[in-house]
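The values are calculated or read from the model by the stated rules, or taken from the named source; none is laboratory data. On a predicted model such as this, the values are computed, not experimentally measured, just so you know. No Cβ is skipped: glycine too gets one built from the backbone with ideal geometry, and neighbour counts run over all protein chains shown. Accessible surface areas use protein heavy atoms only, side chains included; no ligands, DNA or RNA. Shrake-Rupley method; radii C 1.70, N 1.55, O 1.52, S 1.80 Å.
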Amino acid sequence: MTIYRMTDQAIEAVGETTFASVSVSERDDIQRLLKRQIEIISPDTLVIAEEFSDWEDSKRRIDLLGIDTDANLVVIELKRTEDGGHMELQAVRYAAMVSTLDFERCVRIFAAYLARESDDRDARATILKFLDWNAPDEDAFAQDVRMVLASAEFSREVTTAVIWLNDHGLDIRCVRIKPYGDKANLLLDVQQVIPLPEAQDYQVRLKEKQQKERTARKEKQGEPWNARDFYVSLGEGIDANWDDCRTFGFICGSGGKFYTRTLDHLAPGHRVFVNIPKRGFVGIGTVVEQNVMIDEFTVDHEGKTIPILEAPLKAADMSQNIGDRDLCSNIVRVEWLKVVSRDEAFWETGLFASQHIACKLRHSHTIERLCDHFGISNED
């Protein structure tokens, strides 16, 4: 990017420079001025400490420590270098170290800062006014720590790390402060580069969605199994049709033993919740017999017991690979508690799904929601 100076005679390019070449220091110049106009790099922020180091067993110092209008702490790190150094690692370390600060501690920290600055404002009253609070609210104070990194430039290592950390729930902003001109006439190009301002609202919503999804996945994986319920995925195709399953009382799987072996876990008495991918849940039933190959499975039709392959099926061809124990379709007999057509399939965000043909269903929310929707007692 090029900065231009417009005069009466011409529009002139202002050459890019570095803070070092014009003898601008981090602490005595950049930090000294920014702490008085912090809104340039961190809007809606009150600076409560400079060179903060009030902790045990560490000599590390936070350039600037602030509070934002949402009552979050703000760690601000400044660099005049051309790559940002390792400031993202420093900021994360500092954020962890200040995360335990409470309101009263911050009042004391701010009071000491005001005294050093010869500022006669009352620390407590100033913070309360800034937060628009009548009284301290410890439950709402410092629930999160934001990080602001300001540097002349950021290396790919820094930006990659920041994007990854933001994707995993942290709040880090990179503000580029690029100098132009000379010492006597220094211009600054200040831009937030991560997240891009025009994409910030979207990225916040995306982060919230990702965090909810991660939480849901952890819930799925972390709940104990009730030793009864299984999830079943019924992929309809040439060798599987939900109408046949409803009519003759079974679930099936194909594609080879790698996939169908999951049906071996189903035993009489287990309860199955059947989902048609991209449609939703269509049935709840109780396993009656264990998994068998398709040529061993029989059904009742017109008062007779016949091999399933002789029954009037809607599946185009369930006989594929018949006789091959590793590749043929496998079937589990089920007594249905509730079934609906594929057009009445039920799905909503938050329900469990898996690519496995059958797996233990640990997700209590899914079990409770489906039982409620289909009118099945969870004790059935």
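Quick check on Glu39: is it under 30 Å from Ala184 (Cα atoms) and in contact with a strand residue (DSSP E or B) (Cβ under 6 Å, 6 or more places away or on another chain)? It is false that Glu39 is under 30 Å from Ala184 (Cα atoms) and in contact with a strand residue (DSSP E or B) (Cβ under 6 Å, 6 or more places away or on another chain).
In segment 344-357, of all residues being modelled with pLDDT of 95 or more and under 28 Å from Ile294 (Cβ atoms), the one that is most open to solvent (accessible area, probe 1.4 Å) corresponds to Glu344.
The residues on offer are Leu327, Leu337, and the sole one that is assigned to a loop (DSSP other than H, G, I, E, B), out of contact with any Phe, Trp or Tyr (no Cβ under 6 Å at 6 or more places or on another chain) and within 22 Å of Asp244 (Cα to Cα) is Leu327.
Is there a residue being in contact (Cβ under 8 Å) with a residue 24 or more places away in the chain and of a type in the set (Ser, Thr, Tyr) anywhere in segment 302-315? No, there is no match, as no residue in segment 302-315 is in contact (Cβ under 8 Å) with a residue 24 or more places away in the chain and of a type in the set (Ser, Thr, Tyr). The residue that is surrounded by the most Cβ atoms within 10 Å (Cβ to Cβ), among those in segment 144-167 that are more than 21 Å from the chain's Cα centre (by Cα) and either at positive phi or assigned to a loop (DSSP other than H, G, I, E, B) (or both), is Phe154. Of the residues making up segment 79-108, those that are modelled with pLDDT under 90, among the β-branched types (Val, Ile, Thr) and touching a strand residue (DSSP E or B) at 6+ places or on another chain (Cβ under 9 Å) number 1.
For segment 1-52, taking the residues that are in a loop (DSSP other than H, G, I, E, B), open to solvent by less than 60 Å² (accessible area, probe 1.4 Å) and among the hydroxyl-bearing types (Ser, Thr, Tyr), the one that is farthest from Leu64 (Cα to Cα) is identified as Thr7.
When the test is whether a residue is open to solvent by less than 50 Å² (accessible area, probe 1.4 Å), modelled with pLDDT of 85 or more and in a helix (DSSP H, G or I), Cys252 does not pass it.
Let's see how each residue does on (1) in a loop (DSSP other than H, G, I, E, B); (2) farther than 27 Å from Glu26 by Cα:
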site: Glu88; (1), (2): no, no
site: Tyr94; (1), (2): no, no
site: Thr100; (1), (2): yes, yes
site: Lys129; (1), (2): no, yes
site: Ala142; (1), (2): yes, yes
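Consider Glu88 carefully, then state whether it is in contact (Cβ under 8 Å) with a residue 60 or more places away in the chain and among the acidic types (Asp, Glu). Spelling it out, Glu88 is indeed in contact (Cβ under 8 Å) with a residue 60 or more places away in the chain and among the acidic types (Asp, Glu).
From the residues in segment 257-295 that are in a helix (DSSP H, G or I) and in contact with a strand residue (DSSP E or B) (Cβ under 8 Å, 6 or more places away or on another chain), which one is nearest to Ala227 (Cα to Cα)?
Looking at the filtered set, the residue picked out is His265.
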